[in-house]
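Written below as structure tokens is the structure these notes are about.
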Amino acid sequence: MHRPELTLHCSNPLCQAANPVSHRFCQNCRSWLVKRYLWLESQASVPCEPGTLLVDRYWCMGDRIFLDTKPGLLPEVPNDISAAVEPYLRLIAHKPQIPQVYAVLPHPTDDRAELILLEQAPIHTVDVQLAGRAGSEGELMPALATLWPQSNGLRQLNWLWQLAQLWLPLQQEAVTQSLLTPTLIRVEGGLVRLLELCPDATPVSLEALGDVWQSWAVQAHPDIADFLEKLCEQLILGHIATADHLLAVLEQAIAACSQTQQYQMHVATLTDQGPTRQLNEDACFPESGSVSKFSPTSQTPVSLANLPVAIVCDGIGGHEGGEVASNLAIVTLQQQLQHVSASATDTDSLTQVLEEATLTANDAIFQRNDDEQRQERQRMGTTLVMALNQGHAVYLTHVGDSRAYRITPSGCHQITVDDDLAGREVRLGYSLYRDAVQQPSAGSLVQALGMGASSLLRPTVQRFWVDEDCVFLLCSDGLSDHDRVEENWQAQILPLLNGSLDLATVAQRLVAIANQQNGHDNVTVALLHCRVTANPTGANGVPPALATQSAPIVPTAPLHSTALKTKNLTTPKPARRLSPLTGFLIAIGLGGLATYGLIQGIRWFEQGQTPIVVSPPVDSPSIPPPPAPLPNSSPPLFAVGTRILVNRATPAGDTSAPLALFPRPLPAPDPQLARPPVFVGSVLEVISHRSDEANQRWLGVKVCSTTGKNPSEVQPGALGWMQEAAIAPFVTANVSLTPAQLGVCAASPQPLETRPPNAGQ
């Protein structure tokens, strides 16, 4: 290391000129100067003094904070992905809450260690002033515990909910200790962000989470203090044993506490052909150039006309019909969203409506392709990004590489992951993102509407709480290419939040930037501006619904959290769609007061790998409580942890596909909900037991390995349910298995009793 003067090299590969770090644009070519602040992961520390360079590139700003002085060069990438790096990659769908690996460097003194530099860590990229606290560029964001005492009850509940939402995906990667280490839990306004991931030395339970939260409960806002104290008590006692249940309880409290806020939503759209294209293949809803204002209340009728909705579609197919596909998608989605009603305001119903609307749009385009006998590259399709506001939440639906960004006074974050080859490589843990995007065809789409049947499509559905002023920007790649959003959000979108620019002007400026600085494609933008103010009727005192709920409610039936799905397709053919698992609507009661909640989610696995996106829960309307199933008193045939070999055919002699996984225990197995088949020769691991309403035992299983001989079979790592009695005749337990047969189960110990994550609808 040495002590040079700090200069920032231009990221333009044709320039690379050195610039003072205080400059915003290159003094040579006028390109935007990219500033990437990085965090040095702590597992292998290295001495570094501020003002020195690491490997002649990374400027040390302070304790483990670095600035890449040569952002135009490819970062250092490892030959092999280590166990310390892989969880970050597999959790990419949870950015910006979880940082990503930027570079992996050799340790200067320890050949057995590596230095991991993280990007998108909770480091301020701009100077901000929030809640009376200044944040300087290049400085760590504050710890949650620091801002906790001065935050309102809704913000505190939102933070806790985000931590609970991360529990299952982090547990799958054995890094849940990250949620139990207060110094790693940082906040950016209403957003929780982890500084790094901390591996679990031993299995971690929710009781430990209760211990951590209890230290915060003493300083909780009065609106939620009693509630949070009881919640922590029940966590510590083990009365809330699953993240599903915890999320549902927090959901109820958030719904009650949100009564203290009023919400105004403004929506604007604009699309343009661009300077070089003959046709505009993009389409949007509402109509291009329109600005709509919404001030919904609890008395506002729920309908499409009263819901803030924004849709952006980017057609694929050029003169072969890209513009037809995008407009057909818009029309179909409009028709389908008419189904949104008062009965579809809970998470499960509304998410299902959005999923079904997306699949219906896909079917319409797919059928049009078939009717016109289009083949291969002649087939038309479209991307989709759609935002819908309901109450205090924004639902985001995504397919393809059109993007969504969330902009607040403190930052701009891309909140979708492109459905392209580069993204798939990262999700599978095969490559760092900066390396993956350099590969041939890295930007090729792996899924889009209309290119395949709906059974091959996995849309992503996410949910975001709104507890502060923010803007959701939806756009086609005509704007997002070359990081134009990251470059211009401060100058063009931030003024919308402080009131110095109106929505229509911002949309016009973004389209102009796309045409002038990109110019290679059509461009479409949609802006959803969310404004939050205090509710005069609910701002004082404890929200009534929360005041009566001093103790968390224990549900009468198991709750299922959901991880939302994204689709990754193989090329040239798209990959299979794993059927979604619809969350249960749960009625929850306490004494004579009825309060209800639900937790909904969908976990998608990339070829049987890690979950992609996690969906928040939402409050449920009052519904009759379902009867609790009777426990199955007979001993299970297969204990949790048992590995079983599928080695016998069905009575009909079908040796190829005798069995199927289901997204959830069903009164009667529905073939339409079955995942791809489980072939003879596959190995399964039992990870859970559960009885259905008919008192039939179901096994939660993980696919350890498959035959690998048929592309239509279920992939290793897939999770699901099988009826015990149905599979017993076709399997053998406790057989001697080779490492190849153990597959993805070989690297993990025998599991504890746990419910498999639902990859369902």
Which members of the range 356-399 meet the condition of being surrounded by 22 or more Cβ atoms within 10 Å (Cβ to Cβ) and free of Cβ contacts under 8 Å to residues at least 60 places away in the same chain? ALA357
Could you list, in sequence order, all residues of the range 395-415 that are out of contact with any helix residue (DSSP H, G or I) (no Cβ under 9 Å at 6 or more places or on another chain) and more than 19 Å from SER480 (Cβ to Cβ)? SER410
Here is a check on your reading of the model: is THR176 within 25 Å of PRO99 (Cβ to Cβ), out of contact with any Gly (no Cβ under 8 Å at 6 or more places or on another chain), among the β-branched types (Val, Ile, Thr) and surrounded by fewer than 23 Cβ atoms within 10 Å (Cβ to Cβ)? no
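Residues are listed down the side, and each one gets a yes or a no for (1) under 30 Å from THR351 (Cβ atoms); (2) modelled with pLDDT of 80 or more; (3) charged (D, E, K, R):
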{"site": "GLY708", "(1), (2), (3)": "no, no, no"}
{"site": "PRO716", "(1), (2), (3)": "yes, yes, no"}
{"site": "ALA725", "(1), (2), (3)": "no, yes, no"}
{"site": "VAL731", "(1), (2), (3)": "no, yes, no"}
{"site": "SER736", "(1), (2), (3)": "no, yes, no"}
{"site": "PRO739", "(1), (2), (3)": "no, yes, no"}
{"site": "GLY743", "(1), (2), (3)": "no, yes, no"}
{"site": "ARG755", "(1), (2), (3)": "yes, no, yes"}
{"site": "GLY760", "(1), (2), (3)": "yes, no, no"}
Within the range 295-317, count every residue that is touching a helix residue (DSSP H, G or I) at 6+ places or on another chain (Cβ under 7 Å), surrounded by fewer than 19 Cβ atoms within 10 Å (Cβ to Cβ) and either closer than 17 Å to ILE330 by Cα or at pLDDT 90 or above (or both). 1
Go through the range 441-455 and give me each residue that's buried (at least 24 other Cβ atoms within 10 Å of the Cβ) and of a type in the set (S, T, N, Q). GLN447
Answer with yes or no whether ASP80 is surrounded by 12 or more Cβ atoms within 10 Å (Cβ to Cβ) and of a type in the set (Asp, Glu). no
Expected single match for more than 23 Å from GLU188 (Cα to Cα) and outside the structural domain of PRO96 (by TED's automatic domain parsing) among TYR395, TYR433 is TYR433
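Of these, THR351, THR345, THR332, which one is over 16 Å from GLY452 (Cβ atoms), of a type in the set (Ser, Thr, Tyr) and modelled with pLDDT of 90 or more?
Values: THR351 fails: modelled with pLDDT of 90 or more; THR345 fails: modelled with pLDDT of 90 or more.
One residue alone meets the criteria, THR332.
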Tell me, please, whether a residue that is closer than 30 Å to ASN152 by Cα, modelled with pLDDT of 90 or more and assigned by TED's automatic domain parsing to the domain that holds LEU510 can be found in the range 254-264. yes
Looking for whichever is among the hydrophobic types (A, V, I, L, M, F, W, C), in contact with a strand residue (DSSP E or B) (Cβ under 9 Å, 6 or more places away or on another chain) and farther than 30 Å from LEU160 by Cβ here; the options are ALA448, ALA453. Which one fits? ALA448
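Just to check your reading of the model, which residue among ARG64, ARG112, ARG90 is at pLDDT below 95 and closer than 27 Å to LEU191 by Cβ? It would help to see each step written out before you state the result.
Details: ARG112 fails: closer than 27 Å to LEU191 by Cβ; ARG90 fails: at pLDDT below 95.
After applying the criteria, what remains is ARG64.
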I'd like the full set of residues that are farther than 16 Å from ALA243 by Cβ and either assigned to a strand (DSSP E or B) or out of contact with any helix residue (DSSP H, G or I) (no Cβ under 8 Å at 6 or more places or on another chain) (or both), limited to the range 153-165. ARG155
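Please enumerate the residues belonging to the range 18-45 that are among the aliphatic types (A, V, I, L, M) and in a loop (DSSP other than H, G, I, E, B). Before the answer, list the steps.
Pass one, the range 18-45, residues among the aliphatic types (A, V, I, L, M): 18, 21, 33-34, 38, 40, 44.
Hits for the range 18-45 are VAL21, LEU33, VAL34.
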Quick one: would you say VAL735 is more than 34 Å from the chain's Cα centre (by Cα), closer than 19 Å to GLY641 by Cα and assigned by TED's automatic domain parsing to the domain that holds PHE662? yes
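Listed here are the residues, each with its yes/no results for (1) closer than 20 Å to TRP465 by Cα; (2) touching a Pro at 6+ places or on another chain (Cβ under 7 Å); (3) of a type in the set (Phe, Trp, Tyr).
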| position | (1), (2), (3) |
| --- | --- |
| ALA134 | no, no, no |
| LEU160 | yes, no, no |
| TRP167 | yes, no, yes |
| ALA174 | no, yes, no |
The lone exception for ILE687 - which of (1) assigned to a strand (DSSP E or B); (2) modelled with pLDDT of 80 or more it fails: (2)
Can you report the number of residues in the range 243-266 which are out of contact with any helix residue (DSSP H, G or I) (no Cβ under 8 Å at 6 or more places or on another chain) and more than 30 Å from ALA208 (Cβ to Cβ)? 4
What is the one condition in (1) loosely packed, with under 15 Cβ neighbours inside 10 Å; (2) at pLDDT 90 or above; (3) not hydroxyl-bearing (Ser, Thr, Tyr) that LEU14 does not satisfy? (2)
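The values are calculated or read from the model by the stated rules, or taken from the named source; none is laboratory data. Just so we're clear, the structure is a prediction, and the values are computed from it rather than from any experiment. Quick reminder, even Gly has a Cβ in these numbers, built from the backbone with ideal geometry, and neighbours come from all protein chains shown.
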